[in-house]
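Participant: Sharing a structure here in structure tokens format.
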Amino acid sequence: MSDDAFLSRLRRFNTDYFPQYQARFKDLVEQGQQPSTLFIGCSDSRLVPYLLTGSGPGDLFLVRNVGAFVPPYDGSQGHHGTAAAIEYAVLTLKVEHIIVCGHSHCGGIRALYEEQPEDAPNLRAWLELGREAALPVQLSSEALRRTEERSVVLQLERLMDYPMVRARVERGEISLHGWHYVIEAGEVHVFDVKTGGFVPASKALHSGDGPYLAHPEGHHPESPFNAADGQAEGNA
Ligand SMILES: [Zn+2]
């Protein structure tokens, strides 16, 4: 895309798109944002969170990085925008849902099985956040899929190491959702803690668990992303 293409898109946003949402943006500016959901997703260009969740302006607090990884709470691996965003979303925005969304054909997960360039020290260090999910096997499409899913659960477990997250999950104030987006099928598979597996949204009874269930009897808190209703709430 040339610079000129960007310029025409910027102009089109202002003339074609903005008028449709002007009232919504006005509210969001005057009243501030109150997103219900922190979405931690891979940076992959094929993952489009707004499309997947039927969301609009003001709905999602988004963090994206290579692999949809969650860094350790103790900051032991350096500066982390993702860790800062988690703290901000939980403590200031008071989100009620945290989604960790991986996906099929993830280059970040595949990279766990491949050598990385010597001159990419940040990438090499970052990938260690997914290392535990890697399997001691040759890379195959099945191994990749399983590693992608295992990584989502691993990141949710690390999220539970954040004291402010753990306390709210245990009190039922925040629900965690593990998602694996299968690009070629156009379907999100949601983590089910009871079976320990991922279930296609079309067959799922809820919009995904974390590795810890605040309501062991199976009750799921009201979710704007419940697979059954298919429509995000509060979407102006
Ligand atoms: Zn990815």
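Participant: Determine which lysines satisfy two conditions relative to K194: a Cα distance under 21 Å, and not lying fewer than 8 residues away in the same chain.
Facilitator: K203
Participant: Okay, moving on. Along region 198-209, what does the Karplus equation 6.51 cos²θ - 1.76 cosθ + 1.60 (θ = phi - 60°) give for ³J(HN,Hα), rounded to whole Hz, x for Gly and Pro?
Facilitator: Each residue's phi maps through the Karplus curve to give 9, 10, x, 3, 5, 10, 7, 9, 7, 8, x, 10 Hz.
Participant: Here's another thing I want to ask about it. What relative contact order, as a whole-number percentage, does the chain give when Cα pairs under 8 Å and 6 or more residues apart are counted? Write down the numbers at each step before the final one.
Facilitator: On the way: 353 pairs, mean separation 43.5, N = 236.
Once divided by the residue count of the chain, the mean separation gives 18 percent.
Participant: Within the chain, what's the longest stretch lacking trypsin sites (Lys or Arg not before Pro) that sit in DSSP loops with no more than 14 other Cβ atoms inside 10 Å?
Facilitator: Details: sites that count: R46, K94, R171, K194, K203.
Longest gap between qualifying sites, sites excluded: 95-170.
Participant: Within the chain, which is the longest segment containing none of the GluC sites (Glu not before Pro) that sit in a DSSP loop and have at most 15 other Cβ atoms within 10 Å? Write out the running numbers ahead of the final one.
Facilitator: Working: sites that count: E114, E115, E118, E173, E217, E222, E233.
Free of exposed loop sites, the longest segment is 1-113.
Participant: Given the options D27, D74, D119, state which has the largest fluctuation in a GNM of the chain using a 10 Å cut-off (strictly under) for Cα springs.
Facilitator: Its mean-square fluctuation being the largest, the pick is D119.
Participant: So who's got an amide H within less than 5 Å of the one on Y181, skipping anything under 5 residues away but keeping other chains? H placed 1.01 Å off N, in plane.
Facilitator: Correct list: G102, H103, S104, H189.
Participant: Percent antiparallel among DSSP beta bridges with both residues in region 33-200, to the nearest 5?
Facilitator: On the way: 8 of 26 bridges.
Once the DSSP bridges in region 33-200 are tallied, antiparallel ones form about 30 percent.
Participant: Now, a different point. Using the Karplus equation 6.51 cos²θ - 1.76 cosθ + 1.60 (θ = phi - 60°), what ³J(HN,Hα) coupling, rounded to whole Hz, does each residue of region 115-120 give in order, writing x for Gly and Pro?
Facilitator: Once rounded to whole Hz, the list reads 5, 9, x, 4, 8, 10.
Participant: Gaussian network model of the chain, Cα springs within a sub-10 Å range: biggest mean-square fluctuation belongs to which of L93, L139, L112?
Facilitator: L139
Participant: What residue among S140, S175, S104 shows peak mean-square fluctuation when the chain is described by a Gaussian network model with Cα springs under 10 Å?
Facilitator: S140
Throughout, read-outs are computed from the coordinates displayed, never taken from laboratory work. A quick note: this is a predicted structure, and the numbers were derived from the prediction, not measured. Every residue, glycine as well, gets a Cβ built from its backbone with ideal geometry; the counts of neighbours run over all protein chains shown.
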